[in-house]
Amino acid sequence: MASFSIIGCMDSISVAPKIAELGTVSNAMRLERGRAVYITSCSRCHNAVRITRFTQSKWDGILPEMIEKSKLNSSDSVAVTAYIRKVLNASTTTAQPSKSE
Ligand code: HEC
């Protein structure tokens, strides 16, 4: 029964983890901005994709195209790129990306 709430919690974290969940960060303001952009701008056409669903190299292919689609200004583009990179780096030490979805 206790596991029910834990699973629910991990689900919401894994889509777009909060900055506080990423360990020590040096640019928290920019990452917060990047997360806000991710949650708002990147869920206009489809649901926000769970970030750890793709590897960094996959994101390197997908993200520039999606930033273009989102018509982000350059500082928001930098912020969302930094946020995704940080989530992926943090996830390699805390959890493995799930292979099934
Ligand atoms: C204007 C609409 C639009 C916006 C805004 C948008 N996307 Fe997309 N996204 C799409 C479409 C359409 C596809 C599928 C076709 C494609 O890959 O071009 C897609 C596909 C994706 C995929 C691949 C999903 C898969 O299963 O292969 C990812 C990841 C993604 N988007 C992330 C983002 C991120 C991150 C942002 C914000 C920077 C974003 N999207 C903003 C329209 C959008």
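Please treat every number below as a calculation from the coordinates, not as lab data. Being a predicted model, the structure only gives us computed values, none of them experimental. Every residue, glycine as well, gets a Cβ built from its backbone with ideal geometry; the counts of neighbours run over all protein chains shown.
Structure data summary
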{"read-out": "Local electrostatic count, E68, Cβ distance below 15 Å [Lys/Arg +1, Asp/Glu -1]", "value": "0"}
{"read-out": "Dipole in debye (nearest 20) - region 12-90, about Cα centre, beta carbon charges: Lys, Arg +1; Asp, Glu -1", "value": "120"}
